[in-house]
Amino acid sequence: MASGGGSDNGGGRSVLLAWNVSADQEEPWRRLLQELSEARREEEEEYVVSRKRLGVSAESVWLVSKPSGGGMAVVYLQALDPERVLRELAASEAPFDSWYSGGMRKLFGFDLARIPRASGGELLFAWRDGDGPGEREAPKNP
């Protein structure tokens, strides 16, 4: 598992998390995320309550597939303090948070609170349609 990024934007800091997904892990992981995306109304509300309580303003998940199966999981998380979000999510006893953290631990063997950190990633290119100042500026290293 590696993490990188740390750009600032209107919703706080954003961070990218990435880890390998083996061919054996791919289908169970897809099912976990499918359960989340097809959640009944009350389960969807638990997700929203969880993310708002944690201060998450955006979350996206990708799988970059390999021809042989499996691939690379990439998670984009935007929050005021992404590190705190991961610690609190892992420690939370709320039913939804426990379900999500437990599923990740069972599938990938890592605890969200103990995700190994790589050195900060380096943004190499970005573009966003917009007329605001700085929208088309080259990224700056911190």
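Values in this text are rule-based calculations from the coordinates and carry no lab data. Bear in mind that the values here come from a model prediction, so they are computed numbers and not experimental data. Cβ placement follows ideal geometry from the backbone for every residue including glycine, while neighbour counts extend to all protein chains displayed.
Go ahead and run the numbers for FRET between residue 57 and residue 23, Cβ-Cβ distance against an R0 of 30 Å, rounding to 0.05.
That pair, residue 57 with residue 23, gives E of 0.35.
Please list the non-local residues whose amide H lies under 5 Å from the amide H of residue 58, H modeled 1.01 Å from N, same-chain partners needing a gap of 5 or more.
Those qualifying (amide H under 5 Å, at least 5 residues apart or on another chain) are 78.
In whole Hz, what ³J(HN,Hα) sequence does the range 48-60 give by Karplus (6.51, -1.76, 1.60; θ = phi - 60°), x for Gly and Pro?
So the Karplus estimates, Gly and Pro as x, are 4, 4, 4, 5, 5, 4, 7, x, 7, 9, 7, 8, 9 Hz.
HN-Hα J couplings of the range 18-23 from phi, Karplus 6.51/-1.76/1.60, θ = phi - 60°, integer Hz, Gly and Pro as x?
With the stated coefficients, the range 18-23 comes to 9, 7, 6, 10, 6, 4 Hz.
Along the Cα→Cβ direction, 7 angstrom out, place labels at residue 75 and residue 49. What is the inter-label distance in nm?
2.1
At 0.36 nm per residue, minus the direct Cα-Cα distance, what do residue 41 and residue 83 gain on full extension? Give it in nm, one decimal, please.
The residue 41-residue 83 span can extend by a further 12.3 nm.
Taking 20 °C and 1.002 mPa s as the conditions, I'd like the Stokes-Einstein D for the range 2-114 in µm²/s, using the Kirkwood hydrodynamic radius from alpha carbon pairs. All intermediate terms of the calculation are to be shown ahead of the outcome.
Values: Rh = 14.6 Å.
Result for D is 146 µm²/s.
Can you list the HN-Hα couplings for the range 69-74, worked out from phi with the Karplus curve (6.51, -1.76, 1.60; θ = phi - 60°), rounded to whole Hz and with x for Gly and Pro?
For the range 69-74, the Karplus-derived couplings read x, x, x, 10, 7, 10 Hz, x marking Gly and Pro.
Using all Cα-Cα distances in the range 22-70, what percent lands in each 10 angstrom bin from 0 up to the longest?
Histogram of Cα-Cα distances, whole percents per bin: 22, 42, 27, 9.
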